[in-house]
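> Pasting a structure here, questions to come.
The values are calculated or read from the model by the stated rules, or taken from the named source; none is laboratory data. Keep in mind that this is a model prediction, so the values were computed, not measured. Cβ sites come from the backbone with ideal geometry, for glycine too, and all protein chains shown count toward neighbours.
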Amino acid sequence: MAEDKIFADGFLFKKRETAPEWVVGSMSVKVDEAVGFLTSNAKNGWVNLNVNQSRGGKYYIELDTFVPKKKENGSAPQKEVDLPF
């Protein structure tokens, strides 16, 4: 089962339908809330966020909690190739 969504406090994204094609939307940041959210969710100085669209069509910003799995071995053993020369 997927983890619960963690909404990014202090961030608001709105798509701008009447904007030129190169403008996707606008983002507003409520500084006090955003700084608190960023500080509490920072890992190695970074916070990754996703801009998602709800089933109702509204946009929201969510904390990206994806953590890649670590590889057990550095690389798979390579087979020796018998070259004809």
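> Inside region 24-43, can you point out the residues that are in a loop (DSSP other than H, G, I, E, B), at pLDDT 95 or above and out of contact with any Asp or Glu (no Cβ under 9 Å at 6 or more places or on another chain)? Show your work before the answer.
Start the filter on region 24-43 by keeping residues that are in a loop (DSSP other than H, G, I, E, B), which leaves 24, 30, 42.
From what's left, at pLDDT 95 or above: 30, 42.
The one that is in a loop (DSSP other than H, G, I, E, B), at pLDDT 95 or above and out of contact with any Asp or Glu (no Cβ under 9 Å at 6 or more places or on another chain): Ala42.
> Another question, then. Output the residue which, of all residues in region 5-43 that are within 15 Å of the chain's Cα centre (by Cα) and of a type in the set (D, E, K, R), is surrounded by the most Cβ atoms within 10 Å (Cβ to Cβ).
Asp9
> Just to check your reading of the model, which residue among Lys14, Lys5, Lys71 is in contact (Cβ under 8 Å) with a residue 24 or more places away in the chain and in a loop (DSSP other than H, G, I, E, B)?
Only one candidate qualifies: Lys5.
> Restricting to region 62-79, and then to whatever is out of contact with any Phe, Trp or Tyr (no Cβ under 9 Å at 6 or more places or on another chain) and surrounded by 11 or more Cβ atoms within 10 Å (Cβ to Cβ), can you tell me which residue is modelled with the highest pLDDT?
Only one residue fits best here, namely Asp64.
> Same structure, new question: How many of the residues making up region 44-61 are surrounded by 10 or more Cβ atoms within 10 Å (Cβ to Cβ) and more than 14 Å from Lys5 (Cα to Cα)?
2
> Which residues, counting only those in region 44-57, are more than 17 Å from the chain's Cα centre (by Cα) and assigned to a strand (DSSP E or B)?
The answer is none; no residue qualifies.
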